[in-house]
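Structure, as structure tokens:
The values are calculated or read from the model by the stated rules, or taken from the named source; none is laboratory data. Quick caveat: nothing in here was measured; it's all calculated off a predicted structure. Ideal geometry is used to build each Cβ from the backbone, glycine not excepted, and the neighbour counts take in all protein chains shown. Accessible surface areas use protein heavy atoms only, side chains included; no ligands, DNA or RNA. Shrake-Rupley method; radii C 1.70, N 1.55, O 1.52, S 1.80 Å.
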Amino acid sequence: MPAIAYLNGRFLPLEEANVSIEDRGFQFGDGVYEVIRGYGGALFRLEDHLSRLERSAQAISISVPFSQIEWEALIREGVKRSGYGECKVYIQLTRGTAPREHRFPCSASPTVVMTFREIPEMDASVRQRGVHAVTLPDLRWGLCSIKSLNLLPNVLARQEANEAGAFEAILVKNGFVTEGTSSNVCLVMDGTIVTPSLNDHLLAGVTRAVVLELARQRGLPVEERNVREEELLQADELFLIGTTIDVVPVSRLNDELVGDGMPGKVTQAMRDGLRRCVESATESH
Ligand code: PDD
């Protein structure tokens, strides 16, 4: 089955979906996006993603062309048309098409793009062994809480990490951990789940919120606070979380083992908990 796209009011085959070279998303990265995961055709935490899309758009003064209900209907329609059960929905909203001028155009209307693609299951052995991550300087702007299209520093850091044989780069700003290039970061220290507190330097991940909620429900202590870079290697366990990866253990950071070099119990418990949460949220579908 081919992947499909939605572009400004129409569903069409992905390769036929084209936007203007004067789209401000293309020329300035002037837009915002979301990535939503479908499990068995059901969309996990769709409302949370749509609320964040709305917050991101508002933060850069892009008017959102649909209500939450309209978005939901369109996204469900796209997933249905794609026929994919395990899928990744990408939504991109830009300020629209206009002759290139930095200031906002007077008359452009937002460009809405969505893609619906199948997502392959991550190799189970990767999850069992854990992944290698590296720390790299966080070179991004001051408003990473907005899910903006400007991902160049993320792209460069991910490339550098991958070239070093690592799965992800954990970004560090002024000595403090912010997040991964496309994930949030959690440490386990003496049984406590520690994660950087939310501020302008990181994204309020939907998965992060779910994982912290699960931990609290299970009575596990949680600390949202500033995390110093050195603490990453003092942690007993380290894991990455995000929509497309759910929970992935980090077993090696730079050249050192994390804990005993094996994925830990808390990480596994959070992954199992997230799986069950996905199942119960999507079983009525
Ligand atoms: N990224 N931090 C960053 C910088 C991210 O790009 C992402 C997700 C996350 C995790 O957020 P969530 O749990 O809501 O997916 C944290 C998506 C998947 C992407 O850019 O592809």
Write down the accessible area per residue of the chain in Å², having rolled a 1.4 Å probe over the full set of protein chains.
-> 48
Inter-part gap, Cα centre of the range 39-80 to Cα centre of the range 228-285, in whole angstrom, is 27
Of E72, E230, E54, the one that fluctuates the most in a GNM where the chain has Cα springs shorter than 10 Å = E230
Counting only backbone N atoms under 12 Å from a point 7 Å out along Cα-to-Cβ of E70, the residues of the range 93-124 in range are 110, 112
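Using a simple charge model, +1 on the beta-carbon of Lys and Arg, -1 on the beta-carbon of Asp and Glu, nothing else, what dipole does the range 107-207 show about its Cα centre, in debye to the nearest 20? Mind showing how you got there, number by number?
Working: 7 positive and 10 negative charges, 32 e Å.
Computed about the Cα centre, the dipole is about 160 debye.
Out of the total accessible area of the range 124-283 (probe 1.4 Å, heavy atoms of protein only), what percent is carbon and sulfur? Intermediate values should be presented prior to the final figure.
On the way: 3670 of 7200 Å².
Heavy-atom surface of the range 124-283 belonging to carbon and sulfur, 1.4 Å probe: 51 percent.
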So what's the back-of-envelope 222 nm ellipticity for the chain, counting only DSSP H runs of four-plus at -39500 (n - 2.57) apiece and dividing by all residues, rounded to 500?
-> -9000 deg cm²/dmol
Ordering W71, W141 by the accessible surface of their heavy atoms, 1.4 Å probe, largest first, yields W141, W71
With r as the distance between the Cβ atoms of R275 and V19 and R0 = 41 Å, compute the FRET efficiency 1/(1 + (r/R0)^6) and round to 0.05.
-> 0.65
Along the charge dipole of the chain, which of A157, L187, T94 sits closest to the positive end, that is, farthest toward it, with unit charges on the beta carbon of Lys, Arg, Asp and Glu (+1, +1, -1, -1)?
-> T94
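Could you give the length gained on full extension between A204 and N8, defined as 0.36 nm per residue of separation minus the Cα-Cα distance, in nm?
Details: separation 196, 0.36 × 196 = 70.56 nm, distance 2.77 nm.
Net length gain for the segment: 67.8 nm.
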Integer Hz, Karplus 6.51/-1.76/1.60 couplings in order for the range 244-257, x for Gly and Pro = 8, 10, 6, 10, 10, x, 9, 9, 9, 10, 6, 9, 10, 6
Working from Cα positions, state the angle (0 to 90°, nearest 10) between the long axis of helix 46-59 and the longest principal axis of the chain.
-> 70
Taking amide H positions as placed in the peptide plane 1.01 Å from N, state which residues far from I170 in sequence (5 or more) or on other chains have amide H under 5 Å from it.
-> V134, T135, L136
Relative contact order for the chain: what is it in percent, counting Cα pairs under 8 Å that are at least 6 residues apart?
-> 18
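Rank these residues by their accessible area, most exposed first, probe 1.4 Å: D123, D138. Display every interim value, and only then the final one.
Numbers: D123 90, D138 15 Å².
My answer, sorted largest first, is D123, D138.
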For the chain, build the charge dipole from Cβ charges (+1 Lys, Arg; -1 Asp, Glu) around the Cα centre, then report which of C106, I36, L202 sits farthest towards its positive end.
-> C106
Along the range 226-237, what does the Karplus equation 6.51 cos²θ - 1.76 cosθ + 1.60 (θ = phi - 60°) give for ³J(HN,Hα), rounded to whole Hz, x for Gly and Pro?
-> 5, 10, 6, 3, 4, 5, 4, 8, 8, 6, 6, 9
Virtual paramagnetic centre 7 Å along Cα→Cβ of R129, amide N under 13 Å, in the range 143-178 = 165-167
